[in-house]
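I have placed the structure first, in the form of structure tokens, so that the comments after it can refer back to it.
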Amino acid sequence: MKQEICTVTDRQDYGSGLFALTLHAPQIAAEAKCGQFVHITCGEGNLLRRPISICDVEGEMLKIVFQVKGEGTEWLSRRSPKHKLDVLGSLGHGFNTDALGERSVMIGGGIGVPPMLYTMKNAKANGATPTAILGFRNKDAVILTEDFEKVGTTYICTDDGSFGTHGFVTTELEKHISEYTGVCACGPKPMLKAIAQIAEKANIPCQVSMEERMGCGIGACLVCACGLKLRDGEQGVRYGHVCKDGPVFDAKEVVW
Amino acid sequence: MDLSVNICGVELKNPITTASGTFGFGHEYGQFFDLSMLGGIGVKGLTPTERLGNPAPRIAETPMGILNCVGLQNPGIDKFIEEQIPFLRQYDTKIIANVSGNTVEEYCGMIEKISDADVDLIEMNISCPNVKCGGMAFGTQVDMVEEVVSAAKKYAKKPLIVKLSPNVTDIAEIARAAVASGADALSLINTLLGMRIDIDSRKPILSNIMGGMSGPAVFPVAVRMVYQVRKAVDVPIIGMGGIRNGRDIVEMMLAGADAVAMGTVMFADPMAPVKALEELKDYMQKHGIEKVTELTGAVRV
Ligand SMILES: Cc1cc2nc3c(=O)[nH]c(=O)nc-3n(C[C@H](O)[C@H](O)[C@H](O)COP(=O)(O)O)c2cc1C
């Protein structure tokens with residue numbers, strides 16, 4: 001966990017409010033694990049940092065992909081090469097691809113797609129033959145598919161059928177579920193919930209990356225609560241924190 | 001240059017402490033800086049037994065501030081004593097145990113227990129709802145302040161700091177009541193009650209509808225209240241609310257604070273207390289100030 005002043009080395013505008021920045025972040029890149037995130041100061045006027053998942057790491061470079069949602073991310077989208085960014089990272093508990101077996105599947109929905117890239121690369125580097133299933137709203141929102149295809153088999157679907165298969169990632173997952181030994185996913189909560197149910201039925205491990213409004217990003221302020229089941233199997237809920245205990249949780253632990 | 005300040009016989013090496021609830025028990029920020037640089041550590045608010053806290057969302061951003069409704073998630077006072085005090089004692093800093101209750105009996109029980117534990121100061125958060133009084137916060141009415149502080153004081157074997165709520169009509173009146181009932185020191189301000197609404201869904205952003213506002217936006221309110229309280233009572237004051245840097249610390253002390261606490265600013269910059277200490281030293285050097293205590297209440301009105 002480091003605070004690093006990073007230099008932007010590349011900026012890409014994917015359209016539809018989606019942007020990628022590549023940062024020279026030697027300290028953070030050295031410790032970054034798949035599924036972790038960085039916490040970025042977005043201009044003088046925004047007090048809180050913005051949590052953004054790590055899309056890829058290459059040497060001393062860190063790639064992030066984000067969607068403009070408000071003033072902070074809008075500011076971030078206007079950064080370009082040579083600009084400096086104040087970044088905390090790498091933060092949180094990431095994916096454990098070793099626990100997902102030889103034929104794992106990486107599922108991303110919308111802006112949940114980027115973190116699955118580094119995760120898929122990690123699984124492959126550890127000897128697995130991972131598959132990706134990526135879902136987007138429509139053709140304009142499709143990103144990073146070529147990067148995924150370089151790593152392994154990649155299925156793409158869109159909600160409106162304007163690119164790839166018409167339909168949801170869950171349909172695609174169910175089609176091939178018997179081929180997989182484990183699932184990991186990032187995306188909207190209803191999608192994650194549906195994936196968790198499919199994985200449970202198939203009796204294979206499932207890890208999900210959760211999102212919540214965040215404060216400090218390191219586990220001190222306790223605002224990014226995620227409802228988890230009690231450890232002894234009793235009825236009730238306890239709260240873990242997305243920034244420290246997560247963002248990746250075992251799907252069986254989450255109270256949906 | 002002498003940076004030390006004395007709070008009821010407890011010497012802090014410098015006036016900078018951390019605000020309860022923003023710093024956990026120190027583990028996280030301890031990865032960014034040596035906790036021994038702090039004058040004191042205000043720990044997460046403790047309750048008699050473990051509290052789960054509220055569902056998410058527990059935070060809403062606001063211009064230069066935040067609202068939170070964590071709901072006092074904490075492991076309970078016993079676990080704190082057992083597991084966290086030994087960790088904190090590794091550092092050369094003072095421990096400020098912050099306690100919260102929903103009844104007078106709960107406050108008394110906790111203060112009795114924490115008095116026998118290895119902490120330096122006890123901070124009593126009276127912004128909590130009094131369940132026997134329809135959930136009205138203890139700290140908002142003079143008679144409730146008198147009742148809870150005078151009862152708690154009987155059990156306190158360590159200096160008792162009463163932490164005031166800013167959600168009152170006359171903070172000086174509340175401060176006088178707390179001191180008359182036995183408070184050895186005061187800390188202020190706790191968070192200001194606020195609310196935000198998502199205009200698309202038309203729902204409140206916070207799960208608890210309303211939440212406590214903190215961060216730089218509240219700083220002028222905090223300075224004003226510390227100033228008013230300084231004029232009303234003669235006990236040490238720990239000033240907090242929106243402090244960002246060394247200049248803000250100087251300002252808070254000029255208004256009347258003996259020490260300060262930094263909280264929300266660390267969410268923006270984990271190193272804020274370290275930088276603020278350097279800025280404070282720079283200010284003292286530049287203005288030829290030998291002892292930091294010279295600043296307290298030195299506003300020229
Ligand atoms: C996330 C959060 C949790 C807090 N929890 C507590 C608490 O448990 N007990 C307490 O007395 N004050 C609590 N506070 C209030 C702070 O200690 C402090 O009084 C207030 O935030 C103003 O200071 P700041 O603007 O520097 O943060 C909390 C504040 C925040 C932001």
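The values are calculated or read from the model by the stated rules, or taken from the named source; none is laboratory data. The model shown is predicted, which means the values in this text are computed figures rather than measured ones. Note that we place each Cβ from the backbone using ideal geometry, even for glycine, and neighbour counts take in every protein chain shown. With ligands, DNA and RNA removed, areas are computed over all heavy atoms of the protein, side chains included. Shrake-Rupley method; radii C 1.70, N 1.55, O 1.52, S 1.80 Å.
Just to be sure I understand the filter: pairs with C-beta atoms under 7 Å, separated by 6 or more residues or on different chains, first member in segment A:128-147 and without any contact (Cβ under 8 Å) to a residue 24 or more places away in the chain, second member buried (at least 22 other Cβ atoms within 10 Å of the Cβ). Which pairs pass?
Cβ pairs passing all conditions: A:VAL142/A:PHE136; A:THR145/A:LEU134.
Report whether or not A:CYS186 is open to solvent by less than 50 Å² (accessible area, probe 1.4 Å), among the hydrophobic types (A, V, I, L, M, F, W, C) and either in contact with a Leu (Cβ under 7 Å, 6 or more places away or on another chain) or within 23 Å of A:GLN36 (Cβ to Cβ) (or both).
Yes, satisfied.
Kindly indicate the residue of segment B:21-40 that is more than 11 Å from chain A (Cβ to nearest Cβ) and in a loop (DSSP other than H, G, I, E, B) and also farthest from the chain's Cα centre (by Cα) among those meeting that condition.
Among residues in segment B:21-40 that are more than 11 Å from chain A (Cβ to nearest Cβ) and in a loop (DSSP other than H, G, I, E, B), the one farthest from the chain's Cα centre (by Cα) is B:ASP34.
Quick grid of which residues meet (1) among the aromatic types (Phe, Trp, Tyr); (2) part of a strand (DSSP E or B); (3) within 14 Å of another protein chain (Cβ to nearest Cβ); (4) under 30 Å from B:GLY65 (Cβ atoms):
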position	(1), (2), (3), (4)
A:PHE163	yes, no, no, no
A:ILE177	no, no, no, no
A:PRO190	no, no, no, no
A:ARG213	no, no, yes, yes
A:CYS216	no, no, yes, yes
A:GLY219	no, no, yes, yes
A:LYS244	no, no, yes, yes
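Does B:ILE122 meet the test of being within 15 Å of the ligand (Cβ to nearest atom), within 14 Å of chain A (Cβ to nearest Cβ) and open to solvent by less than 30 Å² (accessible area, probe 1.4 Å)?
So B:ILE122 does not fit the description; no.
Tell me, yes or no, whether segment A:19-40 has at least one residue that is within 12 Å of chain B (Cβ to nearest Cβ), open to solvent by 10 Å² or more (accessible area, probe 1.4 Å), assigned to a strand (DSSP E or B) and under 17 Å from B:PHE32 (Cβ atoms).
no
Within the set of pairs 6 or more residues apart or between chains, which connect a residue that is without any contact (Cβ under 8 Å) to a residue 60 or more places away in the chain inside segment B:176-198 to a residue that is acidic (Asp, Glu) with Cβ atoms less than 9 Å apart?
B:ALA177/B:ASP143; B:ALA177/B:GLU146; B:ALA178/B:GLU146; B:VAL179/B:ASP234; B:ALA180/B:GLU146; B:SER181/B:GLU146; B:SER181/B:GLU147
Against the conditions (1) within 14 Å of the ligand (Cβ to nearest atom); (2) open to solvent by 40 Å² or more (accessible area, probe 1.4 Å); (3) not hydrophobic (A, V, I, L, M, F, W, C), where does B:GLY101 fall short? Just the number, please.
(2)
So which residues in segment A:54-93 are in a strand (DSSP E or B), open to solvent by 30 Å² or more (accessible area, probe 1.4 Å), of a type outside the set (A, V, I, L, M) and touching a helix residue (DSSP H, G or I) at 6+ places or on another chain (Cβ under 7 Å)?
If the condition is that a residue be in a strand (DSSP E or B), open to solvent by 30 Å² or more (accessible area, probe 1.4 Å), of a type outside the set (A, V, I, L, M) and touching a helix residue (DSSP H, G or I) at 6+ places or on another chain (Cβ under 7 Å), then A:GLN67 is the only one that fits.
If the Cβ limit is 7 Å and pairs must be 6+ apart or interchain, which residue in segment B:234-253 that is away from the ligand (no atom under 13 Å from the Cβ) pairs with which residue that is of a type in the set (S, T, N, Q)?
Taking only residues 6 or more apart or on different chains, the pairs are B:MET253/B:THR296.
Looking only at segment A:45-72, which residues are within 14 Å of chain B (Cβ to nearest Cβ) and under 25 Å from B:PHE32 (Cβ atoms)?
Passing the criteria: A:GLY45, A:ASN46, A:LEU47, A:LEU48, A:ARG49, A:ARG50, A:PRO51, A:GLY72.
Looking at (1) crowded, with 22+ Cβ neighbours inside 10 Å; (2) not in a strand (DSSP E or B), which is the one condition that is false for B:SER150?
Only one criterion is unmet by B:SER150, namely (1).
Being of a type in the set (A, V, I, L, M, F, W, C) and away from the ligand (no atom under 16 Å from the Cβ) narrows it down to one residue among B:PHE23, B:PHE80, B:PHE87; which is it?
Unique residue meeting the criteria: B:PHE87.
Which ones in segment A:221-242 are more than 23 Å from A:VAL38 (Cα to Cα) and either open to solvent by 10 Å² or more (accessible area, probe 1.4 Å) or within 8 Å of another protein chain (Cβ to nearest Cβ) (or both)?
Answer for segment A:221-242, where residues must be more than 23 Å from A:VAL38 (Cα to Cα) and either open to solvent by 10 Å² or more (accessible area, probe 1.4 Å) or within 8 Å of another protein chain (Cβ to nearest Cβ) (or both): A:LYS229, A:LEU230, A:ARG231, A:ASP232, A:GLY233, A:GLU234, A:GLN235, A:GLY236, A:VAL237, A:ARG238.
Please return the ranges of strands (runs of 3 or more DSSP E) entirely within segment B:210-284 where 1 or more residues are touching a Gly at 6+ places or on another chain (Cβ under 8 Å) and open to solvent by 20 Å² or more (accessible area, probe 1.4 Å).
B:210-214
Go through segment B:45-74 residue by residue and tally those that are touching a helix residue (DSSP H, G or I) at 6+ places or on another chain (Cβ under 8 Å), within 11 Å of the ligand (Cβ to nearest atom) and part of a loop (DSSP other than H, G, I, E, B).
Qualifying residue count, segment B:45-74: 2.
Being under 20 Å from B:PRO57 (Cβ atoms) and touching a strand residue (DSSP E or B) at 6+ places or on another chain (Cβ under 9 Å) is the filter here, so list the residues in segment B:208-217 that pass it.
Selection gives B:ILE209, B:MET210, B:GLY211, B:GLY212, B:MET213, B:SER214, B:GLY215, B:ALA217.
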